[in-house]
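The values are calculated or read from the model by the stated rules, or taken from the named source; none is laboratory data. Everything quoted here is computed from the prediction, not taken from an experiment. With ideal geometry, Cβ positions are generated from the backbone for all residues, glycine too; neighbour counts draw on all protein chains shown.
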Amino acid sequence: MKASFLLSSVLLSTFLFGVFTGMAKGQSAAVPTIDDIINGIKSSENLFFQLDSFMVHCERIRSEDITPSRFGGGYTNVAFIVAKKDAKWFTSKAFTEVGQVGADGLNMVGGVWTPLEPQISVLKNRLLLEWVQYGERASVDLFANSNNVHQCFDYFRHMGWNASRRMVEADGGNYEVLLAIPALGDHLDHPFLPEFLEQNKRRYIVHPTREYVDGFLCWVVEYPGMDKLWIDTKHGYAVRKRIYHWGPGKPRKFAILNQDWKEVSPGLWLPHKQIVDKYASIVSEDSKIWDQVTARMYYEVKEILIDDVPDSLFEVSLPVGTRVTDFVRDVQYTIWDPNTDPFAGPIELASGSNRWIVFRALSIIAGSVMFFVGLWLILRKMEMQKKEGK
């Protein structure tokens, strides 16, 4: 019996020694530098956006109002589809909750009217088609004038990736121009990675001891009082968790948890679930609720395609009766033939020369001349009335 007890003790000691030795090895791995983290995130982002084609279908499946606030909460469920193939892009935004349906094709959910049909955008040949189905209207314009297309990138933003910049620069545009558009503030005013890390590299530290997030060891990368990230270097430098503040030493602004990471292509890991906490705004909310979660949103990936995206996704057939505003040619028309290609005319105008640039410039000049002539006539009339009054 003593021999049996001794054997059991030896086996238990050996097991515990192995466990603690393994944990020690896990915690004593070489600490990466900030440059290592930056390059790792950049490498994963490049690996994705340099694919010949991809399609991501992600949905906000649920949201909760946590702390009552003036402007927080009220997030409806929505489905986003973002696809790219070569130089073509496709986005779709569709509200998925069905409430009170109106005669105009709008849907009342939580006191907010939302369209039943998805809003679709297609980018090709440096031109952007935006199709609002419920209003039976569409527009074609230069991509530089885009707006709605940038509202579909929640999934990428939660990972820290700037899909808007990727789309704009792939099309030869200037991303900085977008930053001046007030309507895009909520979508572009974000500490994207790795840019934010690069800009504040000296402020970040990498803690020597790793921490577990969802059972995976992560390096904790922190800009004290401002930004804290949990990076899993073993799975494509995945940002498993992030907490960000309104400013150094200020209350929290958001917290993101990226979960269920899967290798969708060799070396490319993407999350399939996301939980996002939005904290009270220090700009518009009462200070009593600062640093408190006002809304919690849950996202889930429904489908991801890698290098297997059909060309048909980028070919949009507008239904008969759709009113099209062609800003490139400065014309409006109604679709009477379902085979009409809304890109054909603008592409023809833009192809082979800079005629479209001249056309747009002349339109702007003509509009400016009319404005100043009108202003001059108004001032002249006011001057004449003043003289008559004397």
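Structure notes:
- Test: PHE153 is among the aromatic types (Phe, Trp, Tyr) and modelled with pLDDT of 90 or more: yes
- Where strands (runs of 3 or more DSSP E) fall wholly inside the stretch 264-329, the ranges with 1 or more residues that are at pLDDT 95 or above are 268-279, 293-306.
- Residue within the stretch 309-326 that is among the acidic types (Asp, Glu) and surrounded by 18 or more Cβ atoms within 10 Å (Cβ to Cβ) present: yes
- Annotation: ASP189 fulfils all but one of (1) free of Cβ contacts under 8 Å to residues at least 40 places away in the same chain; (2) crowded, with 22+ Cβ neighbours inside 10 Å; the unmet one is (2).
- Cβ pairs under 8 Å, 6+ apart, first in the stretch 194-220 and touching a residue at least 60 places away in the same chain (Cβ under 8 Å) and under 20 Å from HIS158 (Cβ atoms), second assigned to a loop (DSSP other than H, G, I, E, B) and of a type in the set (Val, Ile, Thr): TRP219/VAL31
- Segments classed as strands (runs of 3 or more DSSP E), wholly inside the stretch 130-234, with at least 3 members that are under 26 Å from CYS58 (Cβ atoms): 216-223, 227-232
- Given (1) without any contact (Cβ under 8 Å) to a residue 60 or more places away in the chain; (2) surrounded by fewer than 20 Cβ atoms within 10 Å (Cβ to Cβ), index of the condition TRP269 fails: (1)
Yes or no, residue by residue, for (1) among the small types (Gly, Ala, Ser); (2) more than 30 Å from PHE49 (Cβ to Cβ); (3) surrounded by fewer than 17 Cβ atoms within 10 Å (Cβ to Cβ); (4) modelled with pLDDT of 95 or more:
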{"site": "PHE71", "(1), (2), (3), (4)": "no, yes, yes, no"}
{"site": "GLY74", "(1), (2), (3), (4)": "yes, yes, yes, no"}
{"site": "VAL78", "(1), (2), (3), (4)": "no, no, no, no"}
{"site": "VAL82", "(1), (2), (3), (4)": "no, no, no, yes"}
{"site": "LYS88", "(1), (2), (3), (4)": "no, no, no, no"}
{"site": "ALA94", "(1), (2), (3), (4)": "yes, no, no, no"}
{"site": "GLU97", "(1), (2), (3), (4)": "no, yes, yes, no"}
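- Figure legend. Inter-residue proximity from the stretch 235-258: first residues closer than 20 Å to THR67 by Cβ, second residues aliphatic (A, V, I, L, M) and in a loop (DSSP other than H, G, I, E, B), beta-carbon distance below 6 Å, spacing 6+ or different chains. Indicated pairs: HIS245/MET226; TRP246/ILE282; PRO251/ILE282.
- Filtering the stretch 168-197 to residues that are of a type in the set (A, V, I, L, M, F, W, C) and at pLDDT 90 or above leaves PHE192, LEU193, PHE196, LEU197.
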